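The values are calculated or read from the model by the stated rules, or taken from the named source; none is laboratory data. Please read these numbers as outputs of a predicted model, since none were measured by experiment. Note that we place each Cβ from the backbone using ideal geometry, even for glycine, and neighbour counts take in every protein chain shown. Each accessible area value is taken on the protein alone, full model and side chains, heavy atoms only, with ligands, DNA and RNA left out. Shrake-Rupley method; radii C 1.70, N 1.55, O 1.52, S 1.80 Å.
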Amino acid sequence: MARSLSLGGGADRARILLVDDDERNLLAIKTVLDDVADVVVANSGEEALRHLLKGEFAVILLDVYMPGMDGYETAQMIRSREQTKRIPIVFLSAVNKESEHLLRGYAMGAVDYVFKPVDPIVLKSKVAVFVDLFQMRREIQRNAAHEQRLLDVTIRANAEKLRVEQELRLAEQRQAAILESLPLVIYLEDRDAVAPRIPRFVAGNFQALTGYDFDAVRANPNLWEERLHPEDRDRALAGLATRRGAQAGAFEYRWQCADGSWKHFLDQAVLLCDDMGNRTEFAGTILDVTERKALEAQLTHSLKMDAIGKLTGGIAHDFNNLLAAVLGGIGMIERRIKMSDDQKRIVDMTRHAAEQGTELVSRLLSFARRQTLEPARLPIQRLGESVGDLLSHTLGGLVQLDWRLGNGLWPAYADGSQLELALINLIINARDAMPAGGSITVTGENRTLDVVNEAGLEPGDYVLLTVADDGAGIPPDLIDQVLEPFFTTKEMGKGTGLGLSMVYGFAQQSGGTLRIDSEVGSGTRVEIWLPRAIADADSPSKEASKNADIIQTPSVLRILLVDDHAGARVTTAALLHDMGHDVVEACDGPRMLDLLRAAPNGFDLIVSDYAMPLISGAEGIRQAREICADIPAILITGYAEAASISGRPSDVHILLKPFGAEQFAAAIASAVNRRAVAIAAE
C-alpha cells in the first residue's frame, strides 16, 4: 500500500533531489527514478542548496566526491538549516567503503549509502521507501490541516449559534419586559370559543391588568363573564359571538378587577390560518383603555363647558343691554319725576330685581371665564380675615369655621373680590352640606409643580386653597356634573346652580384650576389652585384711580354716543343730558365716522358700545382717531371676549353694563383727564 502511494501520478507528486557532478550518472539515475517521483538534478552542492530554498523534497541523493563543495560539506550545510535538516540524505559513493568513511557519512546526516555502480532495483526500492514516508507525512499534515479547518469552522459556528441564542434570549426578555410594562394582554383562543372563555395562551402582565393570575381563570372558567359590567354584558357576549363568523373583531366593555375597580377593555382579535389554509384560532389583545376613556370624557366635558360658556357669554351680553336700559330708565324716572312713598317703593323693588339680574349675569360671565378680572398681589392671610368677618353671622352656631393659613404662605396673583366671592360660595356650599352642623376647614399651602399635573397646570409655583367639610359628600357619578351651570343638588328654590361653576370659571381664568374630592358620608374637599404672585403689581383700575382728578373735568362736554341698542342708547343719552353734557347719537360705527368727518374737532369724547354690527367699537375708535387724533374714548360693553377687548388702544377706558351715574361720571373724568395730562406733558 505504501508503494502504491509513491507510484501514483498527478500534479502533487513528491520530488527527489539528485546531486552529482557527472552528467551520465544524473541521466541514468533520473531514468531509474522517474516513475517513483519527480527528479530534480543539481551538478554541485551550491546548486543543490539553491534548489532546497525553492521547495521541499522527499529524499536527497548526494554524491560524496564532487569538485568544490563535496557531499560531506553539502550534507553538513543541509543539516544546519531548520527547513532542510529532516530531509533524508542517501550518499552515492564509488569508492571508500571503509568503516571510517561510512561513519563520517552517517555523522554528516546520511541515512543510507548506495555504492556505484548503482543497482537500479535496490536504489529504486530504497528511494521508494523515503518517498512513501514523505507522502504519508504530507497526507497526515493535510488531514490535520483539514481537521483544524473543520474544528475552526465548528468553533465559529458554535460561537455564532451562542451569539444568536443570546440575542434571541435578550430579545425575548426585552419583549417580555415591554409586554409587562404595557396595559396589554396577548392571547390565543380557539375559533369556536364562546363563554366561558379560557384562552390557550396568554402573554403580557395579566395579573397587573386584572388583579388575577391566569390560574384563577383556569380554575373558574366563568370568571370573564361574571366580572363583566351588567350594562356591557350583552354587548360583550354579542361581540364575541359575532366575530366567530368574521376574520376579525373588536368590542369594548367594562370589567371588574380583583380589587373591585372597573376598567375599560378593548378586546380585538384576528383569525389565523394553519399551513393548509384552515382557519383555526384567534390571535388577540386585551388593551386597558381606561385612561383613554377618562381623557375622552374630560375632552367631552371641556367641549361642552366651552360651548355652554360661549352661549352664556352671548346671553350675558344681551341681558346686560336690557338691564342697562332698565336701570338707566329707572334712574331717569327717579331723577325727573317726583314720586310718592308707594311709588318709590315700587321703583326700589324694580331696581332691586334688575340688580339681582346684574348679579346673575356676573355669575354667568364668571362661569364662562369672560368676566373682566383685575388680578393683583393678594396676601392670603388678609383675605381670610375679610371673608371670616363677612361670614361670621351667616354660618350659624352649628357650623365651626377653622382657618389654617400659615405665615409662610405665598401671595397669590388673582382678583381679590372674585376670590372672596369664590371662597364664600364654597364655604356656604359646605355649610349647606351639613344641616346638622359640623366643621369647615380652610387651609392654604405652597405647591411647586415640576411637570404638568393631571389637571393640566403648567410647571411653576402655586397657592393651594382648600375648603373641606365633613358633610354628606357628593356621589361619584355627580362629581363631574356639579361644575356645570344650573346643576344643583339642593331643593327647589335653594340654589341657582352657579356657585361651583362660577368658582371653576374664576380659577381657570386666573391661570389655575379647581379640583373636587368627595366621598359619600365622609365629606368634600374642594381645592383652588392659583398662580403665585412674583412681584408687587397694582391692578389697572387702581393705577387709573391714582391719576383721576389730576385736572378738573370740564363741566360741559360735547359727547358722541354710539350704540346699536336703541333702548340702551336712549337711557345712556338721557343720563349724559342729566349730567349736563351735550350728546350727539349714532346707531353704528359708519354713522359715527360720518359725523366725525363732518366735524373733526366738534367732539370732546366718544362713548361707544363695543359689540356692534359692521364695525366694532374698538375698530371704530381706531378709525375715529385717524380723523381726530387722540380723541378721548370710552368703550361700554355688556360682554366681549377678553382677547378682543385687549386689542383696543391702551388709553381707552372700559365700562361694563349696566352702570350707574357715579361709575359713568368717574369713567368720563378718567378718560378726559388722561388726555389732558398727556397734552400738559407735551
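Modelled spin-label separation between A177 and H229, with each label point placed 7 Å from Cα along the Cα-to-Cβ direction: 3.5 nm. Extension gain, S340 to T448, is 32.7 nm, computed as 0.36 nm per intervening residue step minus the present C-alpha separation.
Modelled spin-label separation between Q207 and T31, with each label point placed 7 Å from Cα along the Cα-to-Cβ direction: 9.7 nm. For A14, the residues 5 or more places off, or on other chains, whose built amide H falls under 5 Å of its own are D38. With the convex hull of the Cα atoms taken as the outline of region 394-464, the averaged projected area works out to 6.1 nm².
Converting phi to 3J(HN,Hα) with the Karplus coefficients 6.51, -1.76 and 1.60 and the offset θ = phi - 60°, region 60-71 yields 10, 9, 10, 5, 6, 9, 9, x, x, 7, 7, x Hz in sequence order, with x at every glycine or proline. Label separation (T154 vs D582): 12.0 nm, computed from points 7 Å beyond Cα along the C-beta direction. Given R0 = 22 Å, the distance between the Cβ atoms of I424 and Q381 translates into a calculated FRET efficiency of 0.80.
On the basis of the beta-carbon distance and an R0 of 22 Å, C257 and S522 show a calculated FRET efficiency of 0.40.
Students often get this wrong, so check it: of K338/K657; K30/K126; K54/K124; K344/K657, which have C-alpha atoms separated by over 21 Å? Violating the 21 Å Cα-Cα cut-off are K338/K657; K54/K124; K344/K657. Residue by residue, region 411-419 carries 3J(HN,Hα) couplings of x, 9, 9, 7, 7, x, 5, 5, 5 Hz when phi is fed to the Karplus relation 6.51 cos²θ - 1.76 cosθ + 1.60 (θ = phi - 60°); x denotes Gly or Pro. Heavy-atom accessible surface of region 29-89, averaged per residue, reaches 46 Å², computed with a 1.4 Å probe. Here the 3J(HN,Hα) profile of region 289-294, calculated from phi with Karplus coefficients 6.51, -1.76 and 1.60 at θ = phi - 60°, is 10, 4, 5, 4, 5, 5 Hz, Gly and Pro shown as x. Over all Cα atoms in region 131-189, the spread is summed up by Rg and Dmax: 24.2, 78 Å. Gain on full extension, evaluated as 0.36 nm per residue between S555 and N601 minus their Cα-Cα distance, stands at 14.7 nm.
Length gained on full extension, W403 to A629: 75.9 nm, using 0.36 nm per residue less the C-alpha separation.
Each 10 Å bin from 0 upward holds the following percent of the Cα-Cα pairs of region 143-260: 11, 29, 24, 12, 9, 8, 5, 1.
Amide H contacts of A633: I606, H653, each under 5 Å away and 5 or more positions distant or on a separate chain (H built 1.01 Å from N in the peptide plane; Pro and chain starts excluded).
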